[in-house]
Amino acid sequence: MSKSNLKTRFLLIDDDTDDRELFCEALATVDPVIVCEQATDGAEALGRLRNKEISEPDIIFLDINMPVMNGWQFLTKLKNDEAYKHIPVIMYSTSSNVKDRRIADEMGALCFVTKPHAFRLLQNILDVVVTHVTKKSLKEICPEVSALSV
């Protein structure tokens, strides 16, 4: 049974095809009704949002290291755009660097999640995110996800 009333939309911005496929596959096991949009870099994502090729997502998962426009550049543009600055962003990277976590926080990201190696952990993380996105309790996401990753 779906946790979402209306179609919940996730946008994953990541240049790694395998990571994108794995993410959307895990999301579908958590809630098959959720739309999992994908973009390969920040420039593509921004262009598709502005051109209305994709509907505004409820949440964005954003990788840091990508060609064309990296995650930091995308986050800066998104948070400076009146039309999109309210969209919550979770930095989603292989990095576990404390400095990256601090920068993400300072730039207005909701939180920073290190990409898990285990599919089951990814499902658990996405389950937490889906639950709180649909309940509009975004502030609960980061503490619960952090507790899972320990």
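Overview of results
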{"read-out": "Residue count, the range 99-150 (criterion: within 17 Å of Asp63 (Cα to Cα) and of a type in the set (Asp, Glu))", "value": "3"}
{"read-out": "The range 115-150, subset open to solvent by 40 Å² or more (accessible area, probe 1.4 Å) and not in a helix (DSSP H, G or I), residue farthest from Pro32 (Cα to Cα)", "value": "Val150"}
{"read-out": "Residue check, Leu11 modelled with pLDDT of 95 or more, surrounded by 15 or more Cβ atoms within 10 Å (Cβ to Cβ) and closer than 21 Å to Ser137 by Cβ", "value": "yes"}
{"read-out": "Residue ranges of strands (runs of 3 or more DSSP E) in the range 19-108 with at least 1 members among the acidic types (Asp, Glu), free of Cβ contacts under 8 Å to residues at least 40 places away in the same chain and surrounded by 14 or more Cβ atoms within 10 Å (Cβ to Cβ)", "value": "35-39"}
{"read-out": "Tabulated pairs, the range 117-131, first without any contact (Cβ under 8 Å) to a residue 60 or more places away in the chain, second open to solvent by 50 Å² or more (accessible area, probe 1.4 Å), C-beta under 7 angstrom, 6+ apart or interchain", "value": "Leu121/Leu148; Asn124/Leu148; Ile125/Leu148; Val128/Glu144; Val128/Leu148"}
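The values are calculated or read from the model by the stated rules, or taken from the named source; none is laboratory data. What you see is a predicted model, and the numbers here were worked out from it, not measured in a lab. All Cβ positions, glycine included, derive from the backbone under ideal geometry; neighbour counts span all protein chains shown. With ligands, DNA and RNA removed, areas are computed over all heavy atoms of the protein, side chains included. Shrake-Rupley method; radii C 1.70, N 1.55, O 1.52, S 1.80 Å.
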